[in-house]
1. Report the residue count in the stretch 1-60 for those that are among the charged types (D, E, K, R) and in contact with an Asp or Glu (Cβ under 7 Å, 6 or more places away or on another chain).
2. Which of the helices (runs of 4 or more DSSP H) found entirely inside the stretch 1-103 contain at least 1 residues meeting this: at pLDDT below 90 and out of contact with any helix residue (DSSP H, G or I) (no Cβ under 9 Å at 6 or more places or on another chain)?
3. Criterion first (of a type in the set (D, E, K, R), in a helix (DSSP H, G or I) and touching a Phe, Trp or Tyr at 6+ places or on another chain (Cβ under 9 Å)) does Asp116 satisfy it?
4. Of all residues being charged (D, E, K, R) and touching a Phe, Trp or Tyr at 6+ places or on another chain (Cβ under 9 Å) in the stretch 22-48, which is surrounded by the most Cβ atoms within 10 Å (Cβ to Cβ)? Just the residue, please.
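The values are calculated or read from the model by the stated rules, or taken from the named source; none is laboratory data. Please read all numbers here as calculations on a predicted model, not as lab measurements. Neighbour counts run over all protein chains shown; Cβ positions are idealised from the backbone, glycine included.
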Amino acid sequence: MDLYRSRREMEEDTKVFALVGGNRQVRAALSDLGMEPLPEQDIDTPHWDLRWTLSHDDINFPAVAPPQLVNHFPNSGVELGAKVGLHRNVRGLQWLDGVDYRTFFPRMYLLSEPGDMQ
C-alpha cells in the first residue's frame, strides 16, 4: 500500500477509498474526511483502506486484510445488509430475548406489514 501511495505522490497516512457504484454523496463525504478515491482503473486492486459498495457481491471478503474496512458484513445477505432484514431481525429481539428494541433503535416501519400501516 505504501508503494501505491508513493507512486501516486500521496502522504503516507492518506487513507484511500474504493467506491464501487458511484454514489456522489459518499464520495463527497469521504473526500471531506481527507480520504482519496481510487481511480476507476484501479478499483479492483487491493490498495485501499475502505471499500464502499452498493452490492455485497462486490467485496472479496477473504481478501480483506486488517486494517481494511468494508461497508458490508460477510455472509449477511439481506439479514443485516438490507433495511428490511435489519428491521425484521431487530424487531425479533423482543420475542427471542425479551428485549424492547424501541429503547435503543429508532422507530421503523415495514410497509408490507399491515400493522405498520396504522
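1. First pass over the stretch 1-60, keeping only residues among the charged types (D, E, K, R): 2, 5, 7-9, 11-13, 15, 24, 27, 32, 36, 40, 42, 44, 49, 51, 57-58.
Still in the running and in contact with an Asp or Glu (Cβ under 7 Å, 6 or more places away or on another chain): 2, 5, 12, 15.
Matching residues across the stretch 1-60 total 4.
2. On the way: elements: 2-7, 24-32, 77-81, 83-96.
Helices (runs of 4 or more DSSP H) meeting the threshold: 2-7, 24-32, 83-96.
3. Details: of a type in the set (D, E, K, R): yes; in a helix (DSSP H, G or I): yes; touching a Phe, Trp or Tyr at 6+ places or on another chain (Cβ under 9 Å): yes.
Answer is yes for this residue.
4. Our first condition is that a residue be charged (D, E, K, R); within the stretch 22-48, this holds for 24, 27, 32, 36, 40, 42, 44.
Among the residues that remain, those that are also touching a Phe, Trp or Tyr at 6+ places or on another chain (Cβ under 9 Å) are: 27, 36, 42.
Numbers: Arg27: 15, Glu36: 17, Asp42: 15.
Going through the qualifying residues, I end up with Glu36.
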